[in-house]
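**Q** Got a structure for you, questions after.
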Amino acid sequence: MRRLATSSLRWEARMRSHLGNALPTTTANMMDGAPEVSVSGFNLSVSSIKVTEVIKRENSLVFVVRAQELPSNKQHCVDRKFEDFEWLQQCLLMPDGPPGLQGIIFPPLPAKPCVFQSNTREKMIKQLGLLGLDDDWKAYCMALEIYLQLVVSHTTLGKNQALWSFFTQNQGPGGQAGRQGMLNRLSQALEEIKKENHQDVDEFFQNERARNSSLIRLTKATTERLIAVVRTQQNIALACGHFSTTLHLGVGPDEDPTAKTFSKLSLKLSEIINIVKKNYECVAENNLNTFGLGLDLVSRYEESEKEMLFRRTCKLVELEHNSKNLEKAKSAKKANMEEIKKVTEKEFRQISDIASVEIQKLHRVRVEIFQKSLTSWCERQLHRARETSSVLSQHLRAFKQLDNTE
């Protein structure tokens, strides 16, 4: 068993410094306007929900999830695999859920991480996007933490009894999750292609579908460019590390004055290049843990909104189908078809009402997430630039003095 993360206190302090104490806790509250404590069969503090550690076991990752009950302050600590998160997500979207449930823009779960020795960086990035750039999985843990906070703080989803099992049961409930077969996935894909271009009866939702499609394309393009920037910074840091090591290894015990002078200059230059290396590492980490996390969350929320809009379109198609059947129905079946249509119409109206509110919230939150992540990104990068500039100036003066004395 190999531990890949630091202790919970060091992890929290480091990540909150990267995110400007803004993104994890307040994103949940922004999405729903929910209070700090959500009732889901037991009182749970939203801000206490942490994914503090990740452990590699064989070919899978195990995440340590902590939470605290109020007012008793009872602590819960459980180990959860990704399948347990999938199980929770499936429980949230149950057919027998509250009316209008399909109109909710569900908090988006990150893609499943696959941990194999043969996995290359390219495969991880293709699978996880920005979250695949982080070798120690801290960004991924933060994404899971934000997901749980968003679920618990939601006024509807936070009351789901599955949350009690997720946060309290020692044995992960993920084994109970049903798996979708290949034929079912293919059928769903064909249905989506068939219905995604169906004309909406409401101009607001028709425009929102077009807006969502455009934003998904733009966000994907932005993500690809940010990935390229971060990878370039990581590669430059790696090259600087090799260069610094080479300069250091080139120093020999030669007694020749010229060789001794060269050795001193090489050692000093090696220190300077090592500082440049650390600077690029920090800049890349800041890009990922501030703007990168915000962009990743928004990107996944846009996909979640697309899924919600598709569910509503499916209900619209069902309603139109029932209306046509009612028109064609014979007198003996007319009363039954009328009742079916009324039920479908009521469900469609409930979904639309909730979806309208959810979309308005998402529009507001998208701006706030970008604003907070960009502000945090600027603050961290400016702080890092000042530190690096100060240290490099000191070394440059020392380097010049060393050169003059020799």
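**Q** Quick test of your reading of the structure: residue 337 fulfils all but one of (1) in contact (Cβ under 8 Å) with a residue 12 or more places away in the chain; (2) closer than 30 Å to residue 105 by Cβ. Name the failing condition by number.
**A** (2)
**Q** Give all pairs with beta carbons closer than 9 Å in which a residue from region 91-105 that is within 18 Å of residue 345 (Cβ to Cβ) meets a residue that is surrounded by fewer than 13 Cβ atoms within 10 Å (Cβ to Cβ) and among the hydrophobic types (A, V, I, L, M, F, W, C); count only pairs at least 6 apart in sequence or on separate chains.
**A** That search, which allows pairs on different chains as well, returns 101/94.
**Q** Of the numbered conditions (1) of a type outside the set (Lys, Arg); (2) loosely packed, with under 13 Cβ neighbours inside 10 Å; (3) modelled with pLDDT of 95 or more; (4) touching a Leu at 6+ places or on another chain (Cβ under 8 Å), residue 214 fails exactly one; give the number of that condition.
**A** Looking at each condition in turn, residue 214 falls short on (4).
Residue-wise test of (1) over 32 Å from the mean Cα position of the chain (by Cα); (2) under 20 Å from residue 129 (Cα atoms); (3) at pLDDT 95 or above.
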{"site": "208", "(1), (2), (3)": "no, no, yes"}
{"site": "225", "(1), (2), (3)": "no, yes, yes"}
{"site": "239", "(1), (2), (3)": "no, no, yes"}
{"site": "245", "(1), (2), (3)": "yes, no, no"}
{"site": "248", "(1), (2), (3)": "yes, no, no"}
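**Q** Still on this structure, I have one more. What residue, of 307, 347, 379, 358, is more than 22 Å from residue 106 (Cα to Cα) and of a type outside the set (A, V, I, L, M, F, W, C)?
**A** None of the other options fit; the residue is 379.
**Q** Here's something else I'd like to know. Taking the condition crowded, with 16+ Cβ neighbours inside 10 Å and either over 21 Å from residue 195 (Cβ atoms) or touching a Lys or Arg at 6+ places or on another chain (Cβ under 9 Å) (or both), does residue 323 pass?
**A** no
**Q** Of the residues in region 315-350, how many are aliphatic (A, V, I, L, M) and touching a Phe, Trp or Tyr at 6+ places or on another chain (Cβ under 9 Å)?
**A** The total comes to 2.
**Q** Does residue 102 qualify as being crowded, with 17+ Cβ neighbours inside 10 Å and polar (S, T, N, Q)?
**A** Yes: the conditions hold for residue 102.
**Q** I'm trying to understand the selection: among the residues of region 268-301, which are under 12 Å from the mean Cα position of the chain (by Cα) and charged (D, E, K, R)?
**A** Keep residues of region 268-301 that are under 12 Å from the mean Cα position of the chain (by Cα), which gives 288-301.
Those that are under 12 Å from the mean Cα position of the chain (by Cα) and charged (D, E, K, R): 296, 300.
**Q** Can you say whether residue 329 is exposed (fewer than 14 other Cβ atoms within 10 Å of the Cβ) and over 35 Å from the mean Cα position of the chain (by Cα), as far as the supplied structure shows?
**A** When the stated conditions are applied, residue 329 does not pass them.
**Q** For region 355-406, which positions are closer than 19 Å to residue 222 by Cα and of a type in the set (Phe, Trp, Tyr)?
**A** Within region 355-406, 370, 377 qualify.
**Q** Quick one: which of 344, 313, 261 is in a helix (DSSP H, G or I) and crowded, with 19+ Cβ neighbours inside 10 Å?
**A** Working: 344 fails: crowded, with 19+ Cβ neighbours inside 10 Å; 261 fails: crowded, with 19+ Cβ neighbours inside 10 Å.
Sole residue among the options that is in a helix (DSSP H, G or I) and crowded, with 19+ Cβ neighbours inside 10 Å: 313.
**Q** Tally the residues that are hydroxyl-bearing (Ser, Thr, Tyr) and either modelled with pLDDT under 90 or not in a helix (DSSP H, G or I) (or both), restricting the search to region 316-341.
**A** So the answer is 1.
**Q** Still on this model: Can you tell me which residue among 104, 125 is touching a Ser or Thr at 6+ places or on another chain (Cβ under 7 Å) and within 29 Å of residue 222 (Cα to Cα)?
**A** After ruling out the rest, the residue left standing is 104.
**Q** Within the set of pairs 6+ apart or on separate chains, which have a first residue in region 144-159 that is touching a residue at least 24 places away in the same chain (Cβ under 8 Å), a second that is in a loop (DSSP other than H, G, I, E, B) and hydrophobic (A, V, I, L, M, F, W, C), and C-beta atoms under 6 Å apart?
**A** Close Cβ pairs (under 6 Å, with a partner that is in a loop (DSSP other than H, G, I, E, B) and hydrophobic (A, V, I, L, M, F, W, C)) amount to 147/109; 148/49; 149/49; 153/34; 155/34.
**Q** For region 81-95, state whether one or more residues are buried (at least 22 other Cβ atoms within 10 Å of the Cβ), at pLDDT 90 or above and of a type outside the set (A, V, I, L, M, F, W, C).
**A** yes
**Q** Here's another thing I want to ask about it. Take the residues in region 255-274 that are polar (S, T, N, Q) and under 17 Å from residue 392 (Cα atoms), then tell me which one is modelled with the lowest pLDDT.
**A** We begin by selecting, within region 255-274, every residue polar (S, T, N, Q); these are 258, 261, 263, 266, 270, 274.
Applying the additional criterion that residues be under 17 Å from residue 392 (Cα atoms) yields 266, 270, 274.
Values: 266: 83, 270: 89, 274: 92.
Ranking the qualifying residues of region 255-274, first place goes to 266.
The values are calculated or read from the model by the stated rules, or taken from the named source; none is laboratory data. Just so we're clear, the structure is a prediction, and the values are computed from it rather than from any experiment. With ideal geometry, Cβ positions are generated from the backbone for all residues, glycine too; neighbour counts draw on all protein chains shown.
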